[in-house]
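Notes follow the structure.
The values are calculated or read from the model by the stated rules, or taken from the named source; none is laboratory data. It should be emphasised that the depicted structure is a prediction, and the values quoted were computed from it without experimental measurement. Cβ placement follows ideal geometry from the backbone for every residue including glycine, while neighbour counts extend to all protein chains displayed.
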Amino acid sequence: MELFRKTNFDFLGKKWPFIIASLVLTVAGLGTMVMKGGPRYGIDFRGGVNMAVKFVQTPPVDKVRSALSSKISGEISVVENRTDNELLIGTELKDEKALDAARKTMQETLAATFGGTSGKLDLHNTGAQALVDRLRDPLQRASVPMNDQQLRDLTKGILAYRDGRPNFGIIQNLDDLGKVQGVTPQVLNVIKQEVALAPFAIRNTEVVGPKIGAELRNQAILATLYALGGMLVYIAFRFEWIYGVAAVIAVFHDTVITLGLFSIFDKEISLTVIAALLTLVGYSMNDTIVVFDRIRENLKLMRREKFEPLVNASVNQTLSRTVLTSSLTLLTALALLFFGGQVLNGFSFALVVGIIVGTYSSIFIASPILIYWTNRSGVQGKGSGGEKVATAAAPKAVAK
């Protein structure tokens, strides 16, 4: 499918605005990092407790922060996702022994501040075994015929209803449990006597030790560098070394700008963000290789063409593929950014920025580097058959 046929846009003639924009974004991003003392690492890399809490109504951010700050020393971060009435609560701890205590303190503080269950079992924040233990004796006293296996199946169904669609951890009314198989009016009456609904549900809790966080951070950096190094070797072998250098510089440019925008917008860098960056390294590199491969083919087909017009023609010939691939991928990333929730926000933001920056870097960063080197060396590179192709020179006048 071709959106554009025989286009002749002067992409490389418009390279300077993009190069200047890249320089400005790079300097701004790196400057912000220096002022903030480096990137803002998430719990995955610095160690601590991350807790995702969903509320029945709009969560009181200031009240949560104030309640936790009075119980836990150190930095407390509370990030709101208004779409889902969720809070992402994080605390940084240096002592690994304090991690489990901090997690327990966070749960107890939330329960004391917002619980209101009056000694009953909180259905929003309980597990299967606790629910079984709480209902077993009351059901027997109510003369409900149910053996242990039936009771476990009942609690499994109740928790599945709580966590599945459309509740996602929050049940509005205990009467809704009447929809669960096995919950008869008699059973529901017992549940109402023993169980209550807190106005919040702890959806997920992550605990990472500081040592593990430091190791993950180092491994993430090494993984990115290894990916860049491996691609440099591959492209240098497949094309020429200057092609590999140009492609790696363009990908490194994409990574630096993306990390810089994370610092500018004060977003955390987590493991999912690193996954997005590695995805973008491959995506941007693939986009650059497509352009370079067309350049290599045209080196044989357009022998007498000067190198810059040849590169420009190659970019135009791959324009349909670039627009289709980038636009469809960008739509998917935007859907994740707007509808993916707080957990996927960093991942999707990195994808959106990386796709935009990676697309123009293949044209306005990698290609100009290739042209600059070729003009200096006087050799255009290898044709599709592997032979060297020299830059076409104007014929000299013959003196008479």
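What to note about this one:
- Residue satisfying condition, being in the same structural domain as residue 214 (by TED's automatic domain parsing), out of contact with any Leu (no Cβ under 6 Å at 6 or more places or on another chain) and at positive phi, within set 287, 266, 293: 266
- Test: residue in region 225-241 that is of a type outside the set (Gly, Ala, Ser), assigned to a helix (DSSP H, G or I), under 19 Å from residue 360 (Cα atoms) and in contact with an Asp or Glu (Cβ under 8 Å, 6 or more places away or on another chain): no
- Yes/no for residue 216 being out of contact with any Lys or Arg (no Cβ under 8 Å at 6 or more places or on another chain), closer than 25 Å to residue 103 by Cα and either hydroxyl-bearing (Ser, Thr, Tyr) or crowded, with 17+ Cβ neighbours inside 10 Å (or both): yes
- For region 1-59, filtering for residues that are outside any loop (DSSP other than H, G, I, E, B) and out of contact with any strand residue (DSSP E or B) (no Cβ under 9 Å at 6 or more places or on another chain) leaves 24.
- The residue list 178, 169, 157, 119 contains one member that is in a loop (DSSP other than H, G, I, E, B) and surrounded by fewer than 17 Cβ atoms within 10 Å (Cβ to Cβ), which is 119.
- Boolean, residue 88 is within 28 Å of the chain's Cα centre (by Cα), among the aliphatic types (A, V, I, L, M) and assigned to a strand (DSSP E or B): yes
- When we screen 174, 222, 154 for residues that are within 30 Å of residue 281 (Cβ to Cβ), out of contact with any Phe, Trp or Tyr (no Cβ under 8 Å at 6 or more places or on another chain) and outside the structural domain of residue 63 (by TED's automatic domain parsing), the only hit is 222.
- Selection within region 199-213 - of a type in the set (Gly, Ala, Ser) and at pLDDT below 75: 209, 213
- Residue under evaluation residue 198, criteria (1) surrounded by 15 or more Cβ atoms within 10 Å (Cβ to Cβ); (2) of a type in the set (A, V, I, L, M); (3) part of a helix (DSSP H, G or I), criterion not met: (3)
- When restricted to residues that are among the aromatic types (Phe, Trp, Tyr) and either more than 18 Å from residue 45 (Cα to Cα) or surrounded by fewer than 18 Cβ atoms within 10 Å (Cβ to Cβ) (or both), region 244-268 contains 2.
- One residue from 99, 123, 87 being modelled with pLDDT of 80 or more and closer than 29 Å to residue 214 by Cβ: 87
- Lone unmet requirement of (1) in contact (Cβ under 8 Å) with a residue 12 or more places away in the chain; (2) touching a helix residue (DSSP H, G or I) at 6+ places or on another chain (Cβ under 9 Å); (3) surrounded by fewer than 19 Cβ atoms within 10 Å (Cβ to Cβ); (4) under 30 Å from residue 134 (Cα atoms) for residue 185: (1)
- Region 269-286: number of residues that are more than 10 Å from the chain's Cα centre (by Cα) and buried (at least 19 other Cβ atoms within 10 Å of the Cβ): 5
- Residue count for region 227-237, restricted to those that are surrounded by fewer than 16 Cβ atoms within 10 Å (Cβ to Cβ) and either under 20 Å from the mean Cα position of the chain (by Cα) or touching a residue at least 24 places away in the same chain (Cβ under 8 Å) (or both): 0
- Residues located in region 349-374, provided they are free of Cβ contacts under 8 Å to residues at least 24 places away in the same chain and either buried (at least 21 other Cβ atoms within 10 Å of the Cβ) or under 14 Å from residue 261 (Cβ atoms) (or both): 352
- Of everything in region 261-298 that is of a type outside the set (D, E, K, R) and touching a Lys or Arg at 6+ places or on another chain (Cβ under 7 Å), the residue that is nearest to residue 336 (Cα to Cα) is 269.
Residue by residue, here is whether (1) in a helix (DSSP H, G or I); (2) closer than 19 Å to residue 350 by Cβ holds:
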site	(1), (2)
267	no, yes
284	yes, yes
304	no, no
311	yes, no
